[in-house]
1. Quick check on this structure: which one of A:E342, A:E309 is free of Cβ contacts under 8 Å to residues at least 24 places away in the same chain, open to solvent by 50 Å² or more (accessible area, probe 1.4 Å) and either of a type outside the set (S, T, Y) or farther than 24 Å from B:G202 by Cβ (or both)?
2. Given the options B:T137, B:T111, name the one that is at pLDDT 95 or above, surrounded by fewer than 18 Cβ atoms within 10 Å (Cβ to Cβ) and touching a Phe, Trp or Tyr at 6+ places or on another chain (Cβ under 9 Å).
3. I need the full set of residues from the stretch D:265-293 which are within 12 Å of D:R322 (Cβ to Cβ) and charged (D, E, K, R), in order please.
4. Any residue that is free of Cβ contacts under 8 Å to residues at least 40 places away in the same chain and not aliphatic (A, V, I, L, M) - is there at least one of those in the stretch C:269-291?
5. Read through the list (1) at pLDDT 95 or above; (2) within 14 Å of chain A (Cβ to nearest Cβ); (3) surrounded by fewer than 22 Cβ atoms within 10 Å (Cβ to Cβ), then give the number of the only condition that B:E179 fails.
6. Any idea which of (1) among the small types (G, A, S); (2) under 30 Å from D:L341 (Cβ atoms); (3) free of Cβ contacts under 8 Å to residues at least 40 places away in the same chain is the one D:G123 doesn't satisfy?
7. Among residues belonging to the stretch A:210-224 that are in contact (Cβ under 8 Å) with a residue 24 or more places away in the chain and within 8 Å of another protein chain (Cβ to nearest Cβ), point out the one that is farthest from A:F148 (Cα to Cα).
There are 4 protein chains.
Amino acid sequence: MATPKFGAADPDLAALYERLSETSLQPLWELRGLLTPEPVVRSVPHRWAGKELRELGAKAGELIPVDRGGDRRVLACANPGLDGAPYAVSTLWAAVQYLRGHEVAPAHRHTPAALRFIVEGEGVWTLVDGDPLHMGTGDLVLTPSWTFHEHHNPGPDPMIWMDVLDLPVVAALDAVFFEEGPSEQAARTTAPLSSSEAWYAGGAGLVPVGGPGLPSHRSPLLAYRWADTELALERQMSARESGYARLRYTDPVRGGDVMPTMRCEVERVRPGTTTPTTRQTGGQVACVLHGTAQIKLGAGDAVQVFDVEPGDIVAIPSWTPRAITAGTQLDLFTTSDAPVLEALGLLRVETALKESA
Amino acid sequence: MATPKFGAADPDLAALYERLSETSLQPLWELRGLLTPEPVVRSVPHRWAGKELRELGAKAGELIPVDRGGDRRVLACANPGLDGAPYAVSTLWAAVQYLRGHEVAPAHRHTPAALRFIVEGEGVWTLVDGDPLHMGTGDLVLTPSWTFHEHHNPGPDPMIWMDVLDLPVVAALDAVFFEEGPSEQAARTTAPLSSSEAWYAGGAGLVPVGGPGLPSHRSPLLAYRWADTELALERQMSARESGYARLRYTDPVRGGDVMPTMRCEVERVRPGTTTPTTRQTGGQVACVLHGTAQIKLGAGDAVQVFDVEPGDIVAIPSWTPRAITAGTQLDLFTTSDAPVLEALGLLRVETALKESA
Amino acid sequence: MATPKFGAADPDLAALYERLSETSLQPLWELRGLLTPEPVVRSVPHRWAGKELRELGAKAGELIPVDRGGDRRVLACANPGLDGAPYAVSTLWAAVQYLRGHEVAPAHRHTPAALRFIVEGEGVWTLVDGDPLHMGTGDLVLTPSWTFHEHHNPGPDPMIWMDVLDLPVVAALDAVFFEEGPSEQAARTTAPLSSSEAWYAGGAGLVPVGGPGLPSHRSPLLAYRWADTELALERQMSARESGYARLRYTDPVRGGDVMPTMRCEVERVRPGTTTPTTRQTGGQVACVLHGTAQIKLGAGDAVQVFDVEPGDIVAIPSWTPRAITAGTQLDLFTTSDAPVLEALGLLRVETALKESA
Amino acid sequence: MATPKFGAADPDLAALYERLSETSLQPLWELRGLLTPEPVVRSVPHRWAGKELRELGAKAGELIPVDRGGDRRVLACANPGLDGAPYAVSTLWAAVQYLRGHEVAPAHRHTPAALRFIVEGEGVWTLVDGDPLHMGTGDLVLTPSWTFHEHHNPGPDPMIWMDVLDLPVVAALDAVFFEEGPSEQAARTTAPLSSSEAWYAGGAGLVPVGGPGLPSHRSPLLAYRWADTELALERQMSARESGYARLRYTDPVRGGDVMPTMRCEVERVRPGTTTPTTRQTGGQVACVLHGTAQIKLGAGDAVQVFDVEPGDIVAIPSWTPRAITAGTQLDLFTTSDAPVLEALGLLRVETALKESA
C-alpha cells in the first residue's frame, strides 16, 4: 500500500489498517489505478524484425537440440512493456519456431491453443491428433486446445514459422493442463491431403453429411491454404473499390472463429492505399506475409511508425489506434483475442476513418 | 362426416350431431384418420423422365410465350397421388423451366423460396435483387424468399433447368405474398463474377470482414458452382472408403441450410455401390445430374424400382424407404423439407443399413 | 385445369396439354391463384360461444363414453371456411374436451403437440409421461409432441377445458405418428406438486443445477399456473401506462416458445381500453378467460365485430387485422403458429396503431 | 531468466542469449512453469470471517467518509497467495461494502461487472441506470458492465453487503473503462417495485411482449429476491431425495448466466448432509447466508477445513476439491468465473462422489 490518502497520522486509522492487513483485507479507498477512464495497458507497440527472427532462429538451430524435455526450439516475443513476461501482448504468446532438416518436435498437448502461420518455406508436417498437415508458405495451421500435436521435417532443409498461443489467457484463468504424447519415436506420417481437409475443405458452404462428429469449441478444419486465401482476397477486392480486402478464417461448418480464444484475419492492401484508423479492446499480433508497409500505431505524440517487410511481427496493444499504408502490395496476417472479449461483452471497436484509396 | 360410430339410430345423438353441425363443431370420436400410427402419405413415389421433360419443355417453347402475365414457361411435376395438385410431394413444388434464346422471364418476387438446379446446358443469367448469376451445368442457384428475380438468355440457344419451391409449405401457412418487379424492360446484366460470389465464395471458412450485412434467414451465397462441388465430392470420397460421398449446401458464414425451408444435398455413388436404406419424415425431390442408377423406393410388396438417368426427377414421399444402386457413377441432387421438420422437432431419420461398397 | 388461357382451340397446344397430363405435368401458365399479392386465406373469422361449448360438451358427456377406442370426448371447432376440415384455422386445431366425474381418458401419445387451457373449473389431472399435473382455472398445461398423456378426474364433478393442437401443420408435413399407452388401467396419480414444477417453476430466472436432462425442442415446465400469470400481468401493468399488459409463456431455462409449433400468450386489457390494430401471418386461436370485450376482426367492409365473454373461442385467420376493446377487464389467452413462421422466415407483423388507453 | 539449462558456459550460447535479450526475445527452452501438468494456482483456500468483516466494516464507517473521490467504503478480500493483489481468487474481486445511515455512494460506471449479495440487514437502494432496487437479506442485485450505479441509504441504520466483481478478468484483458456519473447530488429514488422486476420478475417462463428492448450480454432482471429463491430451493428439495438442492440465477428471457463473466448459484444443504467432492477450473467465492458447515477444500495432505457461519466469505481456487457438510441447514451463495471458462472451452468439472445424505 502506498502512502495512505486518508489520515496517515490518525492513530485510529493506523490501527484499522493494521487490523485489515492482518485479516487479508485491503481498503479500496487506498488502492489506485484499479478503475481507469480508459485501459492502462502495460504492453507497448513493438516490432520484431523478420530478418532477425530468421537469423536468431537459425543460430538457435545450431546450438540447441529439439527433443523430449526441450520439446520445441522456440523464440518467444517478449513485449518490452511486460517486465520480462514472455508475451507479445498481455493476452497472446507469439514466437518463431525453427526446425532443422530431419528433426522432430515430439508430441504433446496442452489446454492453451496454438496456431502456426508460415511466412516462408515449406516441408514440415504438423500432426494434429495424428492427422498430417503439410505446412507451406501463407498457410494457417491450427493446433487447438488439448489436441496432441508434433512437427516433423522429413526433408533436409530447415523451416521457420510463427506460433501464436492464447497462453496468457489460459494461465490467467488457472486452467493450464499439459500432457506429453506417447514416448516412442514420434510418428512421421504424411498424406496427399489431411483428413481434416478431405472432409472440410470442400469449398464455401459445402459440408459433409455423415462424416466424423464435429469437435466442440473449434473448427474441424485445421489447415487454411494460401491458394484459397489468395483467391478469396482477389475476389473480394473485385467487389470492393477501396484497394482493401479483409478475410476472417472461420469454422466452415458452424461459422464463428476458428478457436474460442483467437481470431485470425488476413488483410490485403494495394500499394499506396491507407486503411482507416481503428482501435479495439484486446491485443493483436500481426505478421507480414507479403509486401511492405508503414504501420502507424498510437495517436498524437505517442504515435509510432514501423516500416515493415515480410516476416516482421508487430504487437498491437489493447485500444491502440492502428493505420496501415502499403508500400508494395501488403498481405498482413493478424491474430487477436477478440473472441474472448466478444464472448464477455467487452469488445469495443472504434473506426475513426472510412477506408480511403 | 361418414357413418357415425356411435348410435346412428339414437335420436338424442342425432339431435346432438345436428346441434354440433349448426355450431361449426365436429365430434372427434367420429373423425377418422387424424392420428395414425405412421404417416399416411398421399403423394406416391414417382419418376419424371428427363427425356420427356426436355421434349415437352421444347414443345412448350414453341407454343407458349414468356412475358409479363405469363412470366414463366414452367412445367410442374404433379404427383399422381395428390389429386391434381401441382406438387411433386406434399411439401415441395418441382418443375422444369424452359427459356429460348434471347428470351427474358421478367422480374418478380414472392415469399415462397426457389432454387434452380441445372442438369445440362448453360448461358442463362438469373438476377437476384439485381445480382447477375450465370447458370451452368451442375450449378445450384438460389432465389430466396422475397428476393426479386428474373432470368434472361442472351445467347441464341434454349436452356432448361429444374426449379424447386417450398410453395406448398408457404401456402399451408397462409403466407404467400407476390409482387411484380419494375415493369420497364428487364435488366440484362451479366458480370464475370456475381457480387454474392465475390464476397462469399472465397473457400471453406474464409469469410469477409466489413462486407455487406448478412441477410436474415438464408445464405448470402446464391450460387454453388459444380467445379467446387465436384472437388469437394472427390476429396470426401478419398476420406471415406465406401464408394459414397454426400455433401450439404450450407450458409458459408453462419452454417445451417441455405434457406430455412429447403435442404440441398448432393450424393456421389461409385458404380456398383449400393447406399444404405434410409427413410425420413418429410418429402424429397431428387434429380439425376450424372450417371445411371436403380432407385428403390418403398419396402416389402410396395417397393418400386426406378431406373434413372440424367435429367430424371424423382419424388420421394415422407417416410418412404430409399436405397440407391449406381450403374455408372451417379451424382444425385436432392432437395428436402428437412429444415422445416428439424426446426419443429418433427424430423425422424431411420437408417436401416450401413453403407456398403 | 380450368379453361386454358392460351390457345384453347390450337390443336398443337391441345396435343401438348394431353401429353403433359399423361406425364403428370401441369403448365404453370394455366394455373391460377398460386402466387397472390397477399395471402388468400380460406379460414374465416369466427367465434364459438362458450355457453354453447359448455352445453354441448355436457350433452356429449351424457351420450358418449370415454375409453379406449374413443379415447377423448372432444368437440372440434371447424372453421366454416375450411369446407368441413375440423380445424379452427388452417394451422391449428382447437376444441373443448369434457370429462365427467371419475372418468379417465386413457394414455396415448402423438407427434402433434397439444396444450390445454382451463377457463373454468378444476380437479382433473393430466399425466404427462407419468407426471401428474393438476388442472385449475386459468392454468396452461402442455402435452408436448410424443409425450404420453392421459386425463383422469378423481372427483364427482365434470370438467371442461380447451385443447389446442398443431395437428394441421404436422399433417401437412406428413409427420403424424400415434401410439397408445399401456393398456392396463390408466394411472390415477396425483401429487402436491408435479415434478416438472418442483424442478422448473422456481421463479423467474431460477433454474436447477444437476437436475434431470432438458428435453429437446420444448419447455421442461409443463404447467403455468394462473396465480403466477396474474401476478406477472399486474406487475407489468404497473410498468406500462397504457391499460394493457401482455405476456408470453416460454421455456424458463433456455428461453423461446414453450413448444416449437405453438406460441402462447395472454393479454390483460383494462375496461374501456382499446388495443392497437395489428395483423400477422399465420393463424391464431383466442380464448376469453375473464371479462368481456369487443373483438374487431378484418378491415373496411369486411370487418366483423364479436362481443365476447368467458369461454368464447375466436378464430383469427392469417393476416386478419385485429383490435380489442375491453368492456370489463379482459384476460385473453391466445395460441398462434408464430414460432413456425418465425423459424421459416415467414412471420410478418404489422402494427397499425400505437397502444392507446 | 534463471540459470540456463543449456550450455551456461558455452560462449556461443551466451552470445545468442545476449542477442535474444537485446531483441526482446526469450528462449522457450529456458522458461519454466509455462505448461504444467495441472494448473499451478497461486491463490489459496481462505476464509474471511463474517464477524470480522462486520466489525471492520463498522470501524471503517466511523473513520472513512463516502463521497466523490472515495466513492465507495469497501474492504477487499486479498487472497494471501496473491502477493498483495486485492483479489479473492485470481479472477474475482470480493469485498464487503458498508454504508451508514443517510449516506450516498455516488453514481459511476465501469466495464467490470459487479453483483451484490446481502447477508443481513436491508434498507439500502441500489440504482442501476436509474432503476431503484431495494436491497434486503438474501437478495442478489446485479450492476452489470457499464451500467451507472449508486447506493443510497435513506434510513438511519448502517448496512453491509458483499460485492463481487470480475475486475481481474477485465483488467487482464486490458478492457477497463470507468466513468463518473452526473456530479450533481445523487438521486435518491425508491419505488414499490423496480422497473426491472415489474417487467421481468413475473414468474418462471412468463416474459413480457412488447416491453423494453433486451440488453445485450446480460440478464434484464437485476434483482433476485430471497423469497423466490427460498421457494425454489424447497420445491427442488422436494423433487430430490438427497438433502441437497442447487439453483443457478439466470437470464429469465434468454437463459444463460446473469452476466457473461460471473455465474451465481445458491445451494441448500440439510443438516448432516455432505455434498459430493467436486472441483472445477476457475475460481469461486462462496458466502454463507444461513447455517453452519464444514467446508473442506483441497485433498490429501493439503486439505483444509473451514468451519463457517453466516457472513463468512470463502475463496475456492481453481481446481481445488470442495466438499461441504452442513451443521445446521446451510444456504451458500457462490460466484464463479465458470461462464468465462465455458465460453472459451476451458471449463473442466470433476465430480468424484455422488451426492450422499
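1. Details: A:E309 fails: free of Cβ contacts under 8 Å to residues at least 24 places away in the same chain.
Sole residue among the options that is free of Cβ contacts under 8 Å to residues at least 24 places away in the same chain, open to solvent by 50 Å² or more (accessible area, probe 1.4 Å) and either of a type outside the set (S, T, Y) or farther than 24 Å from B:G202 by Cβ (or both): A:E342.
2. Numbers: B:T111 fails: surrounded by fewer than 18 Cβ atoms within 10 Å (Cβ to Cβ).
Just a single option satisfies the conditions, and that option is B:T137.
3. D:E267, D:R279
4. Of the stretch C:269-291, the ones free of Cβ contacts under 8 Å to residues at least 40 places away in the same chain are none.
So far as the stretch C:269-291 goes, no, none of its residues is free of Cβ contacts under 8 Å to residues at least 40 places away in the same chain and not aliphatic (A, V, I, L, M).
5. (2)
6. Result: D:G123 fails condition (2) only.
7. At the first step, the residues of the stretch A:210-224 found to be in contact (Cβ under 8 Å) with a residue 24 or more places away in the chain are A:214-215, A:217-224.
Filter again for within 8 Å of another protein chain (Cβ to nearest Cβ), leaving A:217-219, A:221, A:224.
Details: A:H217: 16, A:R218: 15, A:S219: 16, A:L221: 15, A:Y224: 19 Å.
The residue in question is A:Y224.
So that you can scan it fast, the table gives a plain yes or no per residue for (1) outside any strand (DSSP E or B); (2) at pLDDT 95 or above:
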| site | (1), (2) |
| --- | --- |
| C:W29 | yes, no |
| C:G33 | yes, no |
| C:E38 | yes, yes |
| C:E52 | yes, yes |
| C:A58 | yes, yes |
| C:P65 | yes, no |
| C:G81 | yes, yes |
| C:A105 | no, no |
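The values are calculated or read from the model by the stated rules, or taken from the named source; none is laboratory data. What you are looking at is a predicted structure, and each value in this text was computed from that prediction instead of being measured. Virtual Cβ from ideal backbone geometry, glycine too; neighbours counted across all protein chains shown. Side chains are part of the model used for accessible areas, which takes the heavy atoms of the whole protein and leaves out ligands, DNA and RNA. Shrake-Rupley method; radii C 1.70, N 1.55, O 1.52, S 1.80 Å.
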